[in-house]
Amino acid sequence: MNLWNDPINFIAGWLRALLTGWGLSLDLAKIFIMLVGVGVLIVGSLVLAIFLVWVERKVVARFQDRVGPNRIGPYGLIQPFADIIKLIIKEDITPTTADKVIYNLAPVLALASVLFLWAVLPLASNIYGVDLNVAALYLVAAGALGTLAIIMGGWASNNKYALLGAFRMVATMISYEIPMVVVLLIPTLLAGTMSFRGIVESQAGAWYVLMAPLAMLIFLISAVAELGRAPFDLNEAESEIIAGFHIEYTGMKFGLFYAGELLHAFTFGGFVALLFFGGYQFFGLEKLGPLVAVTIFLAKAMFGYWVIMWIKYTMPRIRIDHLLAFNWKFLTPLALILLVVTALLHKLLAGLPLWGITLIMFLTNVLIAWVTVEILRAYGRKQRQAEEVLAPAGQH
Amino acid sequence: MTASQIVFLLSAALIIGSALMVVTTRKLVHAALWLVAALFGVAILYGLLEAGFLAVVQVVVYIGAIAILFIFAVMLTRKEMRDTGPQTRRSWPLAALLGLLVLAGLVFLVLDMPDVARTAVEIPAEVDTVGALGQALVSPEAYALPFEVASVLLLAALIGAVYIASGQKKE
Amino acid sequence: MNIPLSWYLILAASLFCIGLYGVLSRRNAIAILLGVELMLNAVNINLVAFWRYLDPAQMGGQVFAIIVFAVAAAEVAVGLALIISVYRSRKSVVADDIDLMKW
Amino acid sequence: MIWLLPLPPLLAFFLIVLVTNKKKALSHTLGVGAAALSWLGSMIVFVRALGVEHFGEHAFESVVDWLPTGETALQIGVRIDPLGAAVLFFVAWTILMIFLYSVGYQNFGQPAGDHDVKGLPPHGATVTDNMGKKHTVMSIEPMYSRFFAFLGLFACGMYTLVVSNNLLTLFVGWEIMGLCSYLLIGFWYGKKSARDAAVKAFMTTRIGDVFMLLGIAFLYSATGSLSFEVIFAEGTLHALATTPAFFGFSAAGFIGLLIFIGVVGKSAQWPLHVWLPDAMEGPTPVSAMIHAATMVSAGVYAVLRMFPLITADFSGHGLTMTMSIIAFIGSFTAIFAATIAVAQNDIKRVLAYSTVSQLGFMIAALGIGAYVAAAFHLITHAFFKALLFLGSGSVIHGMEHGALHTGEHVDPQDLFNMGGLRKKMPVTFWTFLIGGLALSGFPVLTAGFWSKDEILADAFGHGHWVVFITLAVAAFLTAFYTMRQITLAFFGEPRTRAAAHAQETPWTMTLPLVVLATFAIGYGWTGIPEHFPILGGLIPNWFHEFVGGTLAVHPEVLEFSIWPLLASIGVALGGLSFGWLAYRKVRTPRQDRLQIPVLKNKWYFDEAYDFLFVRPAAWIAEQFSYLFMDRTIIDGILHGIARGALFLGGVFRNYIDKPVINEFFGDGTGNLVKRAGAGLRKIQVGRLQYYMLASLIVLVAFAVLYYLLLA
C-alpha cells in the first residue's frame, strides 16, 4: 500500500492514524474519513464543472467558427471564474407568488441528483465512492431525482412558461428513461453484474461497444434526451417558452441548474465510457497506476462529453410529437429487440472464444441496423408518397 | 446506540414526520412532495435492511414515476394554484381516533409476538441477494407465475389508464 | 445490524395508521390516494423486515415487495386516470362529491 | 413437456380471435399448425412412454402448487400413464385430421358467397368461367376463422382433460369442451334449429355436470385431494370403500355414481342422450369432433379414470350397485340407440345414434369390470367413428356440390336422395366402407371386431348373460344399419340428379379419411387376445399389457372361449348380409319396411320428455294450480271467507280498526318504518370514506370484543 498504487487507502490509512493519534475513537475516525471522502468528491466534481464551463464555451465557439473566451487568462481559462462572480453578484430574485421553499430547494436538488451519480463512478480500479451491486439501477434512480427537481422548479416558479417547460422536460425524461433502462440491461447482461466496477472489469477483453454498438448509440441518444440538450431541448425552447423551467431563476440558483446540466452531460459521457468503452481501461495502460487510470477515464468521459456537445451544436431542435414518437415508435422497440437478441446470443455463444462472440455480436448489430434503416427508408418513401398525393408535384 | 440505530432513528423520524405532513398539509403539491420524502426515507430503511435492489427500485418507481404522476394529477385537476377551502372532512377527529385505535391494536400485537426483539443474523459476504432475487423472480419453482401475473396486471392497468384518461375521441 | 425487529414493525404500524388517517380524513381524492401509498409502503417495510430477520435465504419477502410495487403502480395509474376523468365531467376532485352510486 | 400439449391450440384460439380473424389463410395455418404441434408433442410423449418398462408404475407426472391453502396447497399437474398415453395417441391423430379436414369442408379457396351471411351455412357463389358461362359453385364459410378458433379451444380442452393428473383440471377441460360444443353446435346460429340444439346440448350436459361437480366436491371433502395418485392409493380406496354413504352405497360407490351421472350427460347415455342427435346441426367436423374424438370419449375416459374408485368395493363376483347401474344403462343404451338408428334417413343421424349405441357398449363393459376391453373399444371406435363422420361429411359435401351444380333443391343429407355414389366418390366410398365394416365388427380384418369381441368375451366369460345377449343383439343391429346406410348411399343407381353430379372432395378432406382408415384397420391388431385361434400369439397382445398396467392390479387375461367369438362373427356377418339383402332394391322411403313410427321417432323420447316434464309442468301450472287450486278451491274458500269476513270486517272496522289499528299501529308502524328508512338511507351516502369509516369502526369493535371475550 503506497501512494502510487493505492492512493485512497494510503491517504485514508494515514488520516486514520493521525485522527486516532489525536484521541478520536476508531468509529468516529471512520465516519470522519468518509465525510472527507465525500467532500473531496463533491468539491472535485464542482471544480470540474467550472472547467466544463470553459470547455463548453470554447468548443461551441469552435463549432460556430468563433474563437471563444480568450482574454482572461491563458486561452481564456479564467473566464468561468468571471462568470461565477457575475452570477454571484447578480440580484437573487424570488418571485412573490412563488412557493419559496420548493423554489429554493429545486436547484439544489438538481445539482445533487448529478452529484449522487459520482458516488458510483469508478474512476480507477481502487478509486471509487462505493461499489454498489445495483449501480446500473442507481443511475436511473438518480435520474428520477433530477426529474423531481425540474418539476419542483417549474411548479414553484408560478409561471406558466416554467410549468410548460417542466412538463415538457418531464415527459421527455420519463419517456426516454425506458429505452435507457432497457439498454442499460445489455452491458449488465454481458457482464453478469450491475456493479459498474464489475462491468468495467469484464470489458478487459473487448469493449462492449464492439459487442453492442447499437446499444451504445441508443444509450447516447436517450442520455442526450435525459439531459434535455439539443436536439431534445424543448424544455427551454427560447422561441416558444422563453427559457423553460428556469425562467424565473437568477444568479447562483440559475448557476446551480447550469452547472448541474454541464456536469450531468459530462457524467453521462463518463457512463458511456464506462458501460461501452471499457471505463478506466486502455490496453493495459491503466496498470501503470491509479492516477493514470483516472486520467484515462476522464479523457474518455471528455470524449463522450464532446460527442454530446457535437450533437447539441449541430442538430436543430425537433418537434414535441416527433420527439415522443421517436422514442415510443423507434427507440423503445429497437432497444427491446436488441435486448432480446443480445440475451439469446449471449446464451447461445457461451462456449465460443471471446473474439468469436464479439464478431458475431457485432455482425448481428450491423444486420439489425441495416434492417432498421431499410424499414425507415420504406416508411419515409411512403410518407413522401402520401404527401405527394396531398400536394401533387409541380404545385410548389 | 450504534451507527445503524442512529440511521434508523433518523430515517424513522423523517418517515413519520413526512407522513404526518402528507396527511395534514393543506397544499396538495406539498403533500405529494412530502410523500416523496417519506418514500425516500423508506428507501433508506431498505438500504439498512440490506435490500439494496429494493431501495433503488423504490426510488425509481415511487419517486421517479408514482410521485411525478401524482404531481401531474394535482396540477391537472387544479384550476388555480392555491388550494382553497378545508382539506379535511368534518369527521377527521373520528378518523384520528380510529387511526390511533388501530395503531394501539397493532402495537399490542407486535409486542405480543414471540421473540420480537430479535436482531438480524449477518448475511454471509458471499451470498448475492440481488442474484438470488433475480433467480427467485424468474424461476418456475419460485415466483415466476406471480411475477408474470403482476406484469400482466401492469399492462392491463396501463391500457386501462390510457383509455380512461384519454376521454372521448372527437370524430 | 443490532436493531430489534420490533422497531421496524412499530414504525410500519405507525406509517400504516397515518396513511389510514389520511385516507379517512382527506377530502381530495388524490390525497386519499397519497394515503393509500403510505399504507402500501408500511406493508412493504414489514415484508422486507421479515425477510431480513426471519430467513434471508427465502426471497419471498422481497418478491412480494416487488409485487406490491407493481400493484401500487397499477393502482396509481388507474386511480389517477379515474380522478382526472371524473374531474373532466364533474369539475371536482372532492371524494364526497363523487357519490353517483348512492341509493 | 406434457404441460405444453394443450397450449398450442389455446394460443391459436387467442391469436385467431384477437389478431388474425380477418385473414382466413393465416387463421387456418395457425389452427392446423397448432394442432400439428400438439400432435407432434403427443407422439413424442407416446413414443417415450412406450420405451418405459412397467410404465404403469412409472407414469410421467409433474405437479405444481396452484393455490396455497394454509399449510397445504391445492396441487395441479399433469400425468401420463398408459391409459393417458393410449388416449393421447388417438386424440392427437383425430384432432389433427379433423383440423385438416375442416380446411376442405369449409370450402377454403372458394369465392365468397353471393348472399352468404354470418351465422348461416354458405349458399354458394356464382362464378363466370372463361367461356362466359355462369356456374354456381360452393362458397367459403363466412366465419371461417372463427371456426378454427373454436376448434382450437376445443382441442385445448381435450388435451387438458387427457393430461390432467387430478379431477379439477379434468373438470376444467370438460367444461371448456362443454362451452365449445355449445359454440360449435350453434355455429350457424342463424338457423333456429341450430340455436335450439346448442341450448339443448348445453342444458342437458349441464344436468350431468352438476352431479359430477357434486361428486368431485364429495370426493374432496372425503379425501382432501383430487389428485389421481392420492385418490387411487390403496389406503384411500379402502377407506372410501368401507365408508357407508347414502342409500346403501359406499362412499366410493356413491362418488362413482355421481361422476357417472356427469358422464351420462357428456357421453349421451340414456336417459340424457337426447342432445346428441340434435347436435348434428353443427358443421360436420364438429360432429366428428364431438362424437368421436373428444366430448363423448371424454365421458368414457372419465369413467375409465375413475374405474379404481368405482370398483373399490368390488370383490370380483357380484356387481356392486353402482356397477350394476352402469352396466344396465350402458347395455340399455346400446340396444335402444341401435334400434333407433335402423330407421333414420339422415346420414349423420344414423351415425349419431350409432355413436350413442357404441358408447353404451363401452359403458356396459366398464359396468361389468372389463376395463381393458372398454379402453380398447374407446380407441378403435374413436378412429372408425371419426372416419365415418368425416366420410359422411365428404358425402354431404359431394352432394352439395351436385345440388349446386344442378340447381336442384334436395336435402344433401337424406340417404334416399343418394345412391350410386360409389363411382362418383371412390376414395370416400372405400374409406367409408372400411369404417362401416369396422363399426359392424367385420371379422378379423377390422379393428371394431377385435374390440367388440373382447367386450362380448368379457361379458360371456364372467357370466353376465343379460349384458352379453343385449350387446350381441345390439351388435347385430349395428351391422344391419351400417350396411343399410352404405347400400343406400353408395350402391345402386343415383336417386336424384344431385347424386348423379356429386363430385369427389379435395385432398384436404380425403387425406384424413385415408389416414383414419388405416387406423380403423390397423389399430385392432394391437389387441388380439393371446389365446385366439391361429392369429393369437402372432402379435403380442400389446394393448392389454400396456393399458392394463394403469391399474394397480393387472387385469387377468380371460380364458378363450369359442362361443362369444362365434357370436360376434355371426352377428356381424349376419347383420351385414341382412342389411345388404334388405336394402339392395329399396328406392324410396316407402319401400323401407323398417320405417316404423316408434323407431323413426326415436322411441318418442323427445315427445316423452315433452310429455313427462314440459307439458306436465305447463299443465300443472295452467289446470291444476291456476284453474283448480286458484280459481275453484282457493277462490271458493276465499269467497266464502270473504262474505264472513265482510261482516266481521264491518264490526272490526268500526270498533277496532279505525280507533286502534289505524291510529296506533297502522300509521304508527308506517311512520316508524318510513322514518327508519329515511334514517337508514343516510347510511348509503355513496361516499367512499364514509363506508371505510363505518367498516373500520366495525372492525375495531370486533377486535376489541374479541380481545375482551377471548384473550
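No lab work stands behind these numbers, since they all come straight from the coordinates. Please read these numbers as outputs of a predicted model, since none were measured by experiment. Cβ atoms come from the backbone with ideal geometry, glycine included; neighbour counts cover every protein chain shown.
A few comments on the model shown:
- Overall size of region D:318-600 from C-alpha positions, given as principal axis extents largest first: 62, 40, 30 Å.
- Rh (Kirkwood; distinct C-alpha pairs) - region D:137-186, Å: 11.6 Å
- Only helices enter the 222 nm calculation for the protein assembly as shown: every DSSP H run of n ≥ 4 contributes -39,500 (n - 2.57), and dividing by all residues gives -22000 deg cm²/dmol, rounded to 500.
- Neighbour cut-off at most 15 other Cβ (10 Å), DSSP loop, trypsin sites (Lys or Arg not before Pro), region B:1-108: B:Arg26, B:Lys79, B:Arg82, B:Arg90
- When the listed pairs D:Lys22/D:Lys348; D:Lys133/D:Lys191; A:Lys160/A:Lys253; D:Lys348/D:Lys423; D:Lys200/D:Lys266 are checked against a 24 Å cut-off, the alpha-carbon distance exceeds it for D:Lys22/D:Lys348; D:Lys133/D:Lys191.
- Bridge type composition, the protein assembly as shown - antiparallel percent by DSSP, nearest 5: 90 percent
- For the protein assembly as shown, Kirkwood radius (reciprocal of mean inverse C-alpha pair distance, Å): 38.4 Å
- Three-way shape call for region A:1-40 based on the alpha-carbon gyration tensor, with the a/c threshold at 1.5: oblate
- For peptide A:194-202, the mean count of partner chain Cβ atoms within 10 Å of a residue's Cβ comes to 1.
- Taking θ as phi - 60° and the Karplus parameters 6.51, -1.76 and 1.60, the scalar couplings of region B:66-76 work out to 5, 5, 4, 4, 4, 4, 4, 4, 4, 5, 6 Hz in sequence order, x denoting glycine and proline.
- Summary of packing: across the peptides A:49-59, D:167-177, the per-residue average of other C-beta atoms within 10 Å ranks them, highest first, as D:167-177, A:49-59.
- Here each label is just a point 7 Å from Cα along the line to Cβ, and for D:Trp580 and D:Leu566 those points are 2.3 nm apart.
- Relative contact order %, chain B, counting alpha carbon pairs below 8 Å whose residues are six or more apart: 14 percent
- Note on C:48-61: average number of Cβ atoms from other chains within 10 Å of each residue's Cβ is 6.
- Note that chain A, at 25 °C in a medium of 0.890 mPa s, gets a Stokes-Einstein diffusion coefficient of 106 µm²/s from its Kirkwood radius over C-alpha pairs.
- If you take the Cα centroid of region D:198-271 and the Cα centroid of region C:1-27, the two points sit 51 Å apart.
- P(r), alpha carbons of region B:1-84 - 10 Å bins starting at zero, rounded %: 19, 42, 27, 10, 2
- Amide N of region B:18-50 lying under 15 Å from the label point, which is placed 7 angstrom from the Cα of B:Val127 along Cα→Cβ: B:49-50
- Hydrodynamic radius of chain B per Kirkwood, over alpha carbon pairs, in Å: 20.0 Å
- Calculated diffusion of region A:142-210, Stokes-Einstein form, Kirkwood radius summed over Cα pairs, 37 °C and 0.692 mPa s, µm²/s: 232 µm²/s
- Theoretical FRET efficiency, 1/(1+(r/R0)^6), r = Cβ-Cβ of A:Leu24 and A:Ala378, R0 51 Å, to 0.05: 0.15
- Taking every alpha-carbon pair under 8 Å whose residues sit at least 6 apart, region D:318-600 reaches a relative contact order of 26 percent.
- Relative to its residue count, region B:42-138 spans a Cα convex hull of 179 Å³ per residue.
- Per residue of peptide B:33-40, the mean number of Cβ atoms on other chains within 10 Å of the residue Cβ is 4.
- Alpha-carbon centroids, region A:1-68 and region D:427-491: separation in whole Å: 96 Å
- Coordinate range of the alpha-carbon atoms in region A:1-89 per principal axis, descending: 58, 35, 18 Å.
- Sequence-separation-based contact order of chain A, relative, with Cα cut under 8 Å and 6+ spacing, percent: 19 percent
- Length available on full extension from D:Ala36 to D:Val444: 0.36 nm per residue minus the Cα-Cα distance, which gives 143.7 nm.
- Annotation: peptides A:18-26, D:340-348, B:96-104, C:21-29, ranked by per-residue average of other Cβ atoms within 10 Å with the highest first, follow the order C:21-29, D:340-348, B:96-104, A:18-26.
- D:Arg675-A:Val130 FRET efficiency (beta carbon distance; Förster radius 51 Å; 0.05 resolution): 0.15
- Where only alpha carbons of chain C are counted, the Rg and the Dmax (Å): 17.0, 55
- When the alpha carbon gyration tensor of region A:187-330 is reduced to an equivalent ellipsoid, its three semi-axes come out at 32, 19, 12 angstrom, largest first.
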